[in-house]
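Asks: Take a look at this one; I'll ask things after.
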Amino acid sequence: MKFFVDTADLAEICDLAATGLLDGVTTNPSLVAKSGRNFLDLVAQICEVVKGPVSAEVAATDFDTMLAEGRFLAGIAPNIAVKVPLTPAGLKVCKALSSDGRQVNVTLCFSAAQAILAAKAGAAFVSPFVGRLDDIGQDGMGLIAEICQIYRNYPEFHTEVLVASVRHPVHVVAAAKLGAHVATVPPAVLRQLFNHPLTDKGLAQFVADWQKTGQTILDNKRS
Ligand code: G3P
């Protein structure tokens, strides 16, 4: 399973890239607005730090402008995945860019039917938003299960299921159980994945007991 981080905060991206566990980055217009950064500068810098796919979203909603923006964004770095909305025009742009060999991430997916269309349009990734479905009382992970099942039925579909709008580690584990290819995770949730109170407690005990031995490993004083 691949982990992407869902943020436009460059400092966070650098910090998490240093773990060696980061496979890509997703941004969206809301995250860019929150960062206060120039979008194009920011995306170019992220692509330097993380060599995996970096999603950069078009701003327009009409076909011609989205296509022009998508081509422009794709020219920033080879690892850009152009993000387009799941609309008829967005899917048309997806088809055009995918045919040109560009990676496209189709975002704002909320149904299995939409995910089928994204795969048929040649998307490299489809982004179902699990948290936003949960927020309105629908079953976000149920949608991931449906999409994974459908995609497995059609080997000609090469679209990866990118679980988005992740709110907590349980979403990540549930996505992994279902065989989703990618989870894009906010930095705070990604850090939560490392934690367990019994790990902290156990480590404290091991450190204390080791000190009682009076030994060091690197001095290499063997008896
Ligand atoms: O980047 C798309 C998605 O992950 C947004 O998540 O938390 O705004 O629903 P959220």
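The values are calculated or read from the model by the stated rules, or taken from the named source; none is laboratory data. Note that the structure is predicted; figures quoted are calculated from it, not measured. To get the accessible areas, we keep the full protein, side chains included, count just its heavy atoms, and leave off ligands, DNA and RNA. Shrake-Rupley method; radii C 1.70, N 1.55, O 1.52, S 1.80 Å.
Asks: With θ taken as phi - 60° and the coefficients 6.51, -1.76 and 1.60, list the Karplus ³J(HN,Hα) couplings across segment 14-29 in order, rounded to whole Hz; mark glycine and proline as x.
Replies: Whole-Hz 3J(HN,Hα) from phi for segment 14-29: 4, 4, 6, 4, 5, 6, x, 10, 9, 9, x, 9, 10, 10, 8, x.
Asks: May I ask you to list the lysines whose Cα is less than 27 Å away from that of K201, ignoring any residue fewer than eight positions away on the same chain?
Replies: K212
Asks: Taking amide H atoms as placed 1.01 Å from N in the peptide plane, list the residues 5 or more away in sequence, or in a different chain, whose amide H sits under 5 Å from that of V166.
Replies: G131
Asks: Same structure again: Run the 1.4 Å probe and let me know the accessible area of S99, rounded to the nearest 10 Å².
Replies: Using a 1.4 Å probe on the heavy atoms, I get roughly 90 Å².
Asks: Going by Cα centres, segment 165-204 and segment 1-69 are how many Å apart?
Replies: What the calculation gives is 21 Å, centre to centre.
Asks: Report for the chain the percent antiparallel among DSSP-assigned beta bridges with both residues inside it, nearest 5. Can you show the working numbers first?
Replies: Working: 0 of 26 bridges.
Within the chain, antiparallel bridges account for around 0 percent of the total.
Asks: If you don't mind, another one. Could you pull out every residue, at least 5 positions away or on a different chain, whose amide H is within less than 5 Å of the one on Q103? Hs are placed 1.01 Å off N in the peptide plane, and Pro or chain starts have none.
Replies: It is V82, by chain and number.
Asks: Each residue of segment 103-116 in turn: what ³J(HN,Hα) in whole Hz from Karplus with 6.51, -1.76, 1.60 and θ = phi - 60°, glycine and Pro shown as x?
Replies: Running phi through 6.51 cos²θ - 1.76 cosθ + 1.60 with θ = phi - 60° gives 7, 10, 10, 8, 9, 6, 8, 10, 8, 5, 4, 4, 5, 5 Hz.
Asks: Report the accessible area of K51, computed with a 1.4 Å probe over the heavy atoms of all protein chains in place, in Å² rounded to the nearest 10.
Replies: Approximately 140 Å² of K51 is accessible to the 1.4 Å probe.
Asks: Which of these, Q192, Q205, Q103, has the largest mean-square fluctuation under a Gaussian network model of the chain (Cα springs below 10 Å)?
Replies: Q205
Asks: Residue-wise, which Karplus ³J(HN,Hα) couplings in Hz belong to segment 132-139, taking 6.51 cos²θ - 1.76 cosθ + 1.60, θ = phi - 60°, and x for glycine or proline?
Replies: Using θ = phi - 60°, the values come out as 5, 5, 4, 4, 9, x, 9, 9 Hz.
Asks: Would you please give the residues with an amide H less than 5 Å from that of T87, counting only those at least 5 places away or on a separate chain, with H modeled from the backbone geometry?
Replies: Those qualifying (amide H under 5 Å, at least 5 residues apart or on another chain) number zero.
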